[in-house]
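Working notes for the structure below.
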Amino acid sequence: MKFIDFLKDKVGLLIFNFSFLIFISLVIIFSPLQQIYFDTILYIFLTNLIFLSLYLSISYYKKNRFLNSLKEDINVSRLTQTDLFKLTNEEKLYIDYLKNFQQQWEDSVNEIQSKSQTNSEIMDMWVHDIKIPISILKLIIERNEDPSCEELLDKMDNEIMRIENSVERVLYLSRLEDFHNDFLIHEVQIEKLLREVIRRYSKYFISKKIKFTLENVNYTCLSDKKWLLFIFDQLINNALKYTETGGSISITGVKNSTSIIITIRDTGCGIKKEDLNRIFNKGFTGNNGRNNTKSTGLGLYLVKELCAKLEHHIHVTSLYNEHTEFNIVLKNNI
């Protein structure tokens, strides 16, 4: 708190003090005495000024110390009885108000956290419940060997895959806040992870006649296998979604002294320049999303958030109607 601001707060006291001095001076001047004692008036003014300055200085110091203590640690519940004893009655009143406010705030936060935890648990239960019928449907499709139903079964399989991907995104979104409780950093084989994702989407590569290239990715990085698998899954799924039949998707890697850069490039519809800075925003679908109703705007948001939490980096370059390229920078040492 600046001293000038402190004086503004004390303007009532200053006005009263100087008004009283003027009144005393007028009483002395207009008194029935034969002689006016100007030296007495000067003495009264100087004495008052000294004591007033001393009072204001001490008050300013104590007020500033009190405000600084609150600024450094707003947790008033930590104040001891000794600390409270040193405060003025006005400051104690402020502390009581702050304690009440802090208690209300903590109760509200605890209530919100409790509701959030409950919602997260319900979401986890729902996701696991819905995975059972999805698995049963996939098993029925795999066991059905009737050639006449092959086209219909393929369409059903595509829709089931969409449902499965959506459920996965919801599950990972609900776990994002508790990420620190559910990750383990260790050495991960990048090529093995990528091939696992490719196998999952192999049918779609074949049905869309997409040329696929996987080169120079036999590296080991430091990451969490489950979360990194999800990141690759979302990026490859996106590449497949926006690449037309007969297009190509390539995944290549480059290693340097501190990191590994994995590049996922597709010859799909590309991203408009004005959308590039916003594609990682939650719920943003852009021009491509408006043309493709399957887009939710969650996939790339989750990818960006997970990369940040894993201390990886992701960059995107694109030329509209030509290609899109995602570069993921992974650590290869601690």
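The values are calculated or read from the model by the stated rules, or taken from the named source; none is laboratory data. No experiment lies behind these values; they were computed from the predicted model shown. Backbone-built Cβ (ideal geometry, glycine too); neighbour counts: all protein chains shown. Just the protein is used for accessible areas: all its heavy atoms, side chains included, with ligands, DNA and RNA removed. Shrake-Rupley method; radii C 1.70, N 1.55, O 1.52, S 1.80 Å.
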Kindly indicate the residue of region 218-250 that is among the β-branched types (Val, Ile, Thr) and in contact with a strand residue (DSSP E or B) (Cβ under 9 Å, 6 or more places away or on another chain) and also nearest to residue 266 (Cα to Cα) among those meeting that condition. 249
Restricting to region 106-141, give me the number of residues that are open to solvent by 70 Å² or more (accessible area, probe 1.4 Å), acidic (Asp, Glu) and at pLDDT below 80. 1
Residue match in region 174-183 (condition: hydroxyl-bearing (Ser, Thr, Tyr), open to solvent by less than 80 Å² (accessible area, probe 1.4 Å), touching a Ser or Thr at 6+ places or on another chain (Cβ under 9 Å) and in a helix (DSSP H, G or I)): yes
Long-range neighbours under 9 Å by Cβ, at least six apart or interchain, first residue in contact (Cβ under 8 Å) with a residue 12 or more places away in the chain within region 199-214, second surrounded by fewer than 16 Cβ atoms within 10 Å (Cβ to Cβ) and among the basic types (Lys, Arg): 205/211; 214/195
Are any of the residues in region 148-155 of a type outside the set (Asp, Glu) and in contact (Cβ under 8 Å) with a residue 12 or more places away in the chain? yes
So, in region 1-57, of the ones that are open to solvent by 90 Å² or more (accessible area, probe 1.4 Å) and not in a helix (DSSP H, G or I), which residue ends up farthest from residue 68 (Cα to Cα)? 34
State yes or no: is residue 131 farther than 22 Å from residue 224 by Cβ, assigned to a helix (DSSP H, G or I) and of a type outside the set (A, V, I, L, M, F, W, C)? no
I'd like to know if region 287-297 contains one or more residues that are under 28 Å from residue 154 (Cα atoms), of a type outside the set (Asp, Glu) and crowded, with 18+ Cβ neighbours inside 10 Å. yes
Run residue 271 past the list (1) open to solvent by 10 Å² or more (accessible area, probe 1.4 Å); (2) part of a strand (DSSP E or B) and report the number of the one that doesn't hold. (2)
Residue pairs meeting the criteria (Cβ under 8 Å; at least 6 apart or on separate chains; first within 24 Å of residue 99 (Cα to Cα), in region 52-70; second open to solvent by 50 Å² or more (accessible area, probe 1.4 Å) and among the polar types (S, T, N, Q)): 62/88
Only residues that are open to solvent by less than 70 Å² (accessible area, probe 1.4 Å) and either touching a Phe, Trp or Tyr at 6+ places or on another chain (Cβ under 9 Å) or among the aromatic types (Phe, Trp, Tyr) (or both): list them for region 58-68, please. 59, 60, 63, 64, 66
Answer yes or no as to whether residue 225 is in contact with a His (Cβ under 8 Å, 6 or more places away or on another chain) and basic (Lys, Arg). yes
